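Report on the structure given below.
The values are calculated or read from the model by the stated rules, or taken from the named source; none is laboratory data. Please read all numbers here as calculations on a predicted model, not as lab measurements. For neighbour counting, all protein chains shown are included, and Cβ atoms are generated from backbone atoms with ideal geometry for every residue, glycine included. With ligands, DNA and RNA removed, areas are computed over all heavy atoms of the protein, side chains included. Shrake-Rupley method; radii C 1.70, N 1.55, O 1.52, S 1.80 Å.
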Amino acid sequence: MTAAVVDSVERPALDRPVRAPLGRLLASELRWVLRRPRTVIAIVLVACVPVLIGVGTRIASNAGVGPGGGGLFASLIGNGFVLPILSLTLLLTMLLPLLGAMAAADALAGESAHGTLRGLLMAPVSRARLLGVKAFGVGATVFIAVVAIAVVGLATGVVLVGTDGLITLSGNTLSFGDALARIGLAVVWVTFQVWAVAAIALAVSAFTEHPLVVMAATLAGALVFGILTVIPQLDWLQPYLLTSTWTTITDVLRDPMPWDGLVNSTLKAACYLVIGLGAAYARLSNKDG
Amino acid sequence: MTSTSLVEPGVGAALAAPTLAARTRGLRKTYGSTVAVDQVDLDVPDGAVLGMLGPNGSGKTTTIRMLLGLVQPTAGEVELLGHPMPGGAQITLPHVGALVEGPGFHPFLSGRENLRRVASAEPLMASSAIASSVAEALERVGLSDAADRRYRGYSLGMKQRLGLASVLLLPRRLVVLDEPTNGLDPAGTREIRRVIAELHATGTTVLVSSHLLAEIEATCTHVAVLHKGSVVAQGELAELLEAGAPALLVSTPDVEASLDALRDNGIAARSTEDGLFVELIGTTAPQVVRVLVEAGAGVHEVRRRRTGLEDLFAQLTEGEAE
C-alpha cells in the first residue's frame, strides 16, 4: 500500500493522547459566546433596566407621586448606591435566570441542533472537558451581565444623586469605598445564584437538542418554585427552594451586615450547582454524538 | 535482518499485511427494537480509498459514527488506527478528519470564524498556525472569496465545501466523508473527487460513503456494500467489478440462425427469454457482432452483461425503490 504513496506528508506520532490547550478552548468558547448577537443584545437590555428604574423613580418623585412608605424604592430617592442593588434584586427574580437559561440552552442543546457538538466531540474534546468549557462560557455570560447591571446601576445612581448620602437601610452613612465593596459583594452573590439556575438549565440542555425546551423548563421551574414559596402548608419545603432566599440580597444594605442569610443561600446555591453539573455530566458522558 | 522479520508467518501473515486503518468485528447497534447495524465486519486497508456503498438507511452513517466513537456499539468491537474505540478516542481522533451527517456550523459566524473555532479544538493544531491553516483550507476548497461572509448566507454547496475545509485543516491519517457530494453540482462533485485523489496521493486513508455506484467507481480503490445494516460484499473495487465472466446479451428475432452462426465460429452461446447470452471467452464483442451481421441476423441491441457489483447494487437499490 505504502508503495503507492507519491508525496507522503509528515504526520505526528500516534502513540499518546493529545489535547488542545485548555486556555485556547476557553478563549475560543468566550469568543463564540460574545460574538453571538442574542447574548450581546440580552446583556445590553438587562443593563438598561437600572437606567429605567432610576430615571422612572426620579420622574415620579419630582412629580410628587413617589412611592410612599418604606422599602427599597423609598430609600432610592436621594441614595445613589441603592440603585444597583435594587436593580439586581428585581432582575434576579426573572430576567437573570432567563439569561442564564438562554446561555445554557445555546451551550449544549444549541450546539447539538447545529451539528457542531459532534465536531467538538470528534476533534476530540473529552466530554468532561466539554462540560467544563461550556460551564465556563455560561458562567462568564452571567457574570458579565451582572457586572454590567451593577456598573450601569451605579453610574445612573451617581449621575442622578451624586456620591454623598450613601445611607444604609439601618440609617447610617457609608463611605464611597464601603459602598463599592457592598455592591461588589452583591455582584458575587447574585452571580452565584444565577449560576445555580444555569447549572440546572445546563443539565436540561444536555438532555435535549431543542434550546426551547431548556428555556421552557427553566421558566416553568422558576414559576413552580415561586408558587411553592407562597403556599403556607409547604413551609417545610421552602428552605430547600433556591428562590425562597433571593430577597436576602438586601442584607448588604444593612449595617452591620448580617452574614447568615447570605452564607446559607450561597451554600444552597452550591448544592444546586453541584447537582446541575453532575446531572449534565452524567448525560453528556453517554450521549450519542 | 531486523527482529521484525522473525515474526512467525502463521501468526504474522493475517496481522501484518496489509495493515488496517480501521477494522470492525461483529459490530451491532440497535435502537430499541430497530436493528440499525448487524454483524458488520469491515476492513479499511491503510492507504486505501474505501467506498461504503448502500441505499439510504443501510447503516452507513451508524457504522461511521461507531468507528469514530460517537456512538457506543451494542455489541462487537471497533479498532481505529490500531486502537480500540471509543476508549482510544483521545489518541486516534486527533489524526482523523471527519465530515459526518452534513456540515455543522454556526449561522451567525463567518466561514473563517467557524473554521477558527474548529481549529482551536484540534489537539494537533499549533496555536500559532491556526490563522494560516484556516486560510489554506479555505483556499483549497475555493471558499477564499466568501470566507468572511456569514455562514447563514452560504449555498448548500458552499456549506458542504466549508465542511470539507474543516477536514483539511491538518494532515490526517484517516479522512471520513459521509455522503460528501450531497447537494453539490457537477463541478462541486468533481472537486470532491479531486480532493479525495489528492488525499490518496499523500497516503491518507479515505473512507467515503455514498448511495451512488458511479461516485464510488470514480474515486475508490476498495468498496464495501451495505444493505439493511450488514456488509453484503467487500473487497478491491476492480475485483468486485470484474466478478463473473464477461458476457454479452444480444436481442435478436433470429435466435436459431444466430446460435448456429456463433457455434460455427466456436463461440459459446445459448438462447434466453428475449435473445441470446454470449460468453466472451476467446472472443471479443466486435467479433461476435460481425459474425451475427454476416449471418444476416437482425440485431436490435447488444449490451454488456452487468458485472457482479453492478448487479448486486442494482438488486439492492431497485428493491428499495419499489
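Is it the case that B:Gly97 is in contact (Cβ under 8 Å) with a residue 40 or more places away in the chain, within 9 Å of chain A (Cβ to nearest Cβ) and farther than 21 Å from A:Gly110 by Cβ? When the stated conditions are applied, B:Gly97 passes them.
The condition of being among the small types (Gly, Ala, Ser) and over 30 Å from B:Ala147 (Cα atoms) holds for only one of B:Gly69, B:Gly111, B:Gly104, that being B:Gly69. Being touching a Lys or Arg at 6+ places or on another chain (Cβ under 6 Å) and at pLDDT 90 or above is true for just one of B:Val134, B:Val167, B:Val176. Which residue is that? Only one candidate passes the filter, namely B:Val134. Number of residues in the stretch B:185-211 that are surrounded by fewer than 19 Cβ atoms within 10 Å (Cβ to Cβ) and hydrophobic (A, V, I, L, M, F, W, C) equals 3.
Restricting to the stretch B:17-28, and then to whatever is in a strand (DSSP E or B) and within 11 Å of chain A (Cβ to nearest Cβ), can you tell me which residue is least open to solvent (accessible area, probe 1.4 Å)? Step by step, filter the stretch B:17-28, then rank; the result is B:Ala21.
Among the residues of the stretch A:102-131, the ones that are in a helix (DSSP H, G or I) and free of Cβ contacts under 8 Å to residues at least 60 places away in the same chain come to 5 in all.
Going by what's in this entry, would A:Ala148 be described as assigned to a helix (DSSP H, G or I), out of contact with any helix residue (DSSP H, G or I) (no Cβ under 8 Å at 6 or more places or on another chain) and of a type in the set (A, V, I, L, M, F, W, C)? No, not satisfied.
Every condition in (1) within 7 Å of chain A (Cβ to nearest Cβ); (2) farther than 26 Å from A:Leu14 by Cβ holds for B:Leu81 except the one numbered (2). Considering (1) part of a helix (DSSP H, G or I); (2) hydroxyl-bearing (Ser, Thr, Tyr); (3) loosely packed, with under 14 Cβ neighbours inside 10 Å, say which one A:Ser170 fails and leave the rest. A:Ser170 satisfies every listed condition except (1). Pick out the one residue from B:Ala214, B:Ala224, B:Ala147 that is away from chain A (no Cβ under 11 Å) and free of Cβ contacts under 8 Å to residues at least 12 places away in the same chain. Every option except B:Ala214 fails the conditions.
Of the strands (runs of 3 or more DSSP E) lying entirely inside the stretch B:212-281, the ones with 2 or more residues being surrounded by fewer than 19 Cβ atoms within 10 Å (Cβ to Cβ) are found at B:230-236, B:247-251, B:269-272, B:275-279. Restrict the check to the stretch A:244-254 and report whether at least one residue is surrounded by 13 or more Cβ atoms within 10 Å (Cβ to Cβ), at pLDDT below 90, charged (D, E, K, R) and over 27 Å from A:Phe207 (Cβ atoms). Yes: the stretch A:244-254 contains one or more residues that are surrounded by 13 or more Cβ atoms within 10 Å (Cβ to Cβ), at pLDDT below 90, charged (D, E, K, R) and over 27 Å from A:Phe207 (Cβ atoms).
When we screen A:Ala150, A:Ala206, A:Ala201 for residues that are farther than 30 Å from B:Asn114 by Cα, out of contact with any strand residue (DSSP E or B) (no Cβ under 7 Å at 6 or more places or on another chain) and buried (at least 22 other Cβ atoms within 10 Å of the Cβ), the only hit is A:Ala150.
In this structure, does B:Ala13 turn out to be modelled with pLDDT of 90 or more and open to solvent by less than 70 Å² (accessible area, probe 1.4 Å)? Answer is no for this residue. The number of residues in the stretch B:159-183 being open to solvent by 30 Å² or more (accessible area, probe 1.4 Å) and either free of Cβ contacts under 8 Å to residues at least 12 places away in the same chain or in a loop (DSSP other than H, G, I, E, B) (or both) comes to 4. Within the stretch B:38-58, the residues that satisfy the criterion of being away from every other protein chain (no Cβ under 13 Å) and in a strand (DSSP E or B) are B:Asp38, B:Gln39, B:Val40, B:Gly51, B:Met52, B:Leu53.
Residues in the stretch B:100-130 that are closer than 14 Å to B:Leu170 by Cβ, open to solvent by less than 30 Å² (accessible area, probe 1.4 Å) and in contact (Cβ under 8 Å) with a residue 40 or more places away in the chain: B:Leu115, B:Ala119, B:Glu122, B:Met125.
With the condition kept exactly as written, say whether any residue in the stretch B:29-37 is in contact with a His (Cβ under 8 Å, 6 or more places away or on another chain) and not in a strand (DSSP E or B). So far as the stretch B:29-37 goes, no, none of its residues is in contact with a His (Cβ under 8 Å, 6 or more places away or on another chain) and not in a strand (DSSP E or B).
Per-residue answers, yes or no, for (1) at pLDDT 80 or above; (2) surrounded by 21 or more Cβ atoms within 10 Å (Cβ to Cβ):
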position: A:Gly54; (1), (2): yes, yes
position: A:Asn62; (1), (2): no, no
position: A:Gly70; (1), (2): no, no
position: A:Leu76; (1), (2): no, yes
position: A:Ile85; (1), (2): yes, yes
position: A:Pro97; (1), (2): yes, yes
position: A:Ala109; (1), (2): yes, yes
position: A:Gly119; (1), (2): yes, yes
